[in-house]
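J.: The following block contains the structure, expressed as structure tokens.
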Amino acid sequence: MTKDELRKWIRAEKKKITLAEKQQRSESIWQQVEENEQFKAAEVVLLYWSMADEVYTHDFVKQWADKKTLLLPVVDGDDLRIKPYRGMDNMVISEQFGIGEPTGDDYDDLTKIKVIIVPGVAFDKNRNRMGRGRGYYDKLLSTNKAYKIGVGFDFQIVDKVPTEEFDIPMDCVVSESKSYK
């Protein structure tokens, strides 16, 4: 499948499950992430505030906010700015994507990030990732040496993700039923 065909197929599969089902399926993903040694050891973790069709992060972010320094991306043109999560009172809904983004200053030392939890449209068993096509995460991941955990639902794990030279593979991919390292 081409990237466009794969994105279309995954989009159709995502529409088959309700938000409640996505939230339930996400719980088993987060249980596995919590057992990951890299996540356990990390003091600074970059997550994301989930869109309606992604692995649900809202509860996970709130659960870990007082145990680790959690960072969330903010879309700024063609780039991601990284800001600390400081509770729901410091979140605004972005005009571009309609998702929660933290307010306040950018996080100043990206080298302190030890784990990045990355959404994706599709992953393969070799830990390759295909995003939405804008390259936000590829730019960020190419400049950061943190341990990268891709998260997706079982149907998002495919035999082969079409890759290009600038695509950054994950160190680990976690779905409801399995982790790929």
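FYI, it's all coordinate maths here, none of it is from the lab. Note that the coordinates shown come from a computational prediction; the quantities given were computed from them, not determined experimentally. Glycine gets a Cβ as well: all are built from the backbone with ideal geometry, and neighbour counts include every protein chain shown.
J.: Quick one: which of Lys14/Lys181; Lys3/Lys139; Lys15/Lys114; Lys22/Lys145; Lys68/Lys125; Lys15/Lys68 span more than 27 angstrom between C-alpha atoms?
T.: The answer is Lys15/Lys114; Lys22/Lys145; Lys68/Lys125; Lys15/Lys68.
J.: Ranked by Cβ crowding within 10 angstrom, fewest neighbours first, how are Met88, Met51 ordered?
T.: By the 10 Å Cβ count, ascending: Met88, Met51.
J.: Another question, then. In whole percent, what relative contact order does segment 6-132 give with Cα contacts below 8 Å and a gap of six or more residues?
T.: Relative contact order comes out at 24 percent.
J.: Quick one: Cα centre-to-centre distance for segment 1-74 and segment 80-128, in angstrom?
T.: Going from one Cα centre to the other spans 11 Å.
J.: Given H placed 1.01 Å from N in the peptide plane, which residues other than close sequence neighbours of Ala122 have an amide H under 5 Å from its amide H?
T.: Amide H neighbours of Ala122: Met130.
J.: Further, regarding this structure: Can you sort Lys16, Lys178 by how many other beta carbons sit within 10 Å, fewest first?
T.: Lys16, Lys178
J.: Can you work out the PRE-style zone for His58? Point 7 Å along Cα to Cβ, and I want the residues of segment 4-23 with backbone N under 20 Å.
T.: Within reach of a label on His58: 14-23.
J.: If you take the charge dipole of segment 31-181 about its Cα centre, with +1 on Lys and Arg Cβ and -1 on Asp and Glu Cβ, which of Gly77, Ala52, Ser175 is farthest toward its positive end?
T.: Ser175
J.: Using modelled amide H (1.01 Å from N, peptide plane; none on Pro or chain starts), what sits under 5 Å from the amide H of Tyr56, excluding residues fewer than 5 places away?
T.: Those qualifying (amide H under 5 Å, at least 5 residues apart or on another chain) are Ser26.
J.: If each of Ser28 and Lys139 carries a label point 7 Å out from its Cα toward its Cβ, how far apart are those two points in nm?
T.: Here the answer is 3.6 nm between the modelled labels.
J.: A further question on this structure: Which one, (1) 23, 18, 18; (2) 24, 21, 17; (3) 29, 17, 14, gives semi-axes √(5λ) of the Cα gyration tensor in Å as derived from the coordinates shown?
T.: The value computed from this structure is option (1).
J.: Helix-only mean residue ellipticity at 222 nm, the chain, DSSP H runs n ≥ 4 weighted -39,500 (n - 2.57), per residue, nearest 500. What is it?
T.: Value at 222 nm, helices only: -8000 deg cm²/dmol.
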